[in-house]
């Protein structure tokens with residue numbers, strides 16, 4: 001699990017990333033990102049709506065799996081707000097390696113996009 005240091009606190013910070021961020025789309029997941037000013041650490045949030053699955057236990061399982069993939073990833077861009085939005089319940093059942101590769105691909109796209117900007 002990611003430390004509290006790398007998580008969002010409050011709705012205002014999410015709102016800022018949603019309003020000014022850019023989006024990268026993956027197979028089952030969208031990633032919205034926004035560069036943070038200064039030398040601040042990255043922050044990660046995972047949004048899984050009730051439309052994805054009715055059961056809160058499964059939505060939380062999806063959330064925990066994504067947090068774990070991000071924690072183990074090597075492609076996390078520094079000083080960035082990152083929000084994963086899940087739009088498919090298949091994320092709960094796919095293999096860990098496949099989910100990890102999806103997350104790493106999205107994060108590497110963000111890193112490449114920030115280098116080009």
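In which sequence would 58, 102 go, from the one with the fewest C-beta neighbours within 10 Å to the one with the most? Before the final figure, lay out each step's value.
Details: 58 16, 102 19.
Taking fewest neighbouring Cβ atoms as first place, the list is 58, 102.
Quote to one decimal, in nm, the extra length available between residue 60 and residue 27 on full extension: 0.36 nm per residue of separation minus the C-alpha distance between them.
Values: separation 33, 0.36 × 33 = 11.88 nm, distance 1.96 nm.
Length gained between residue 60 and residue 27: 9.9 nm.
For the chain, what relative contact order do you get, as a whole percent, if you take Cα pairs closer than 8 Å and at least 6 residues apart?
Values: 175 pairs, mean separation 38.3, N = 117.
Relative contact order of the chain: 33 percent.
What percent of all Cα-Cα pairs in the chain falls in each 10 Å bin, counting up from 0?
The percentages, shortest bin first, are 14, 49, 33, 4, 0.
Relative to the longest principal axis of the C-alpha atoms of the chain, give the angle of the C-alpha long axis of helix 96-116, reported between 0 and 90° and rounded to the nearest 10°.
Helix 96-116 and the main axis of the chain meet at about 20 degrees.
What FRET efficiency do you get for residue 35 and residue 4 if R0 is 22 Å and r is their Cβ-Cβ distance, rounded to the nearest 0.05? Each step should come with its number before you reach the end.
Details: r = 22 Å, r/R0 = 0.98.
That gives a FRET efficiency of 0.55.
Helix 11-20: angle to the longest alpha-carbon principal axis of the chain, degrees 0 to 90, nearest 10?
For helix 11-20, the angle is close to 70 degrees.
Out of every Cα-Cα pair in the range 44-85, what percent are more than 16 Å apart?
Numbers: 339 of 861 pairs.
Across the range 44-85, Cα pairs with separations above 16 Å total 39 percent.
Any read-out appearing in this document is the output of simple, stated calculations on the displayed coordinates, not a laboratory observation. Bear in mind that the values here come from a model prediction, so they are computed numbers and not experimental data. Here Cβ is always computed from backbone atoms with ideal geometry, including for glycine, and neighbour counts include all displayed protein chains.
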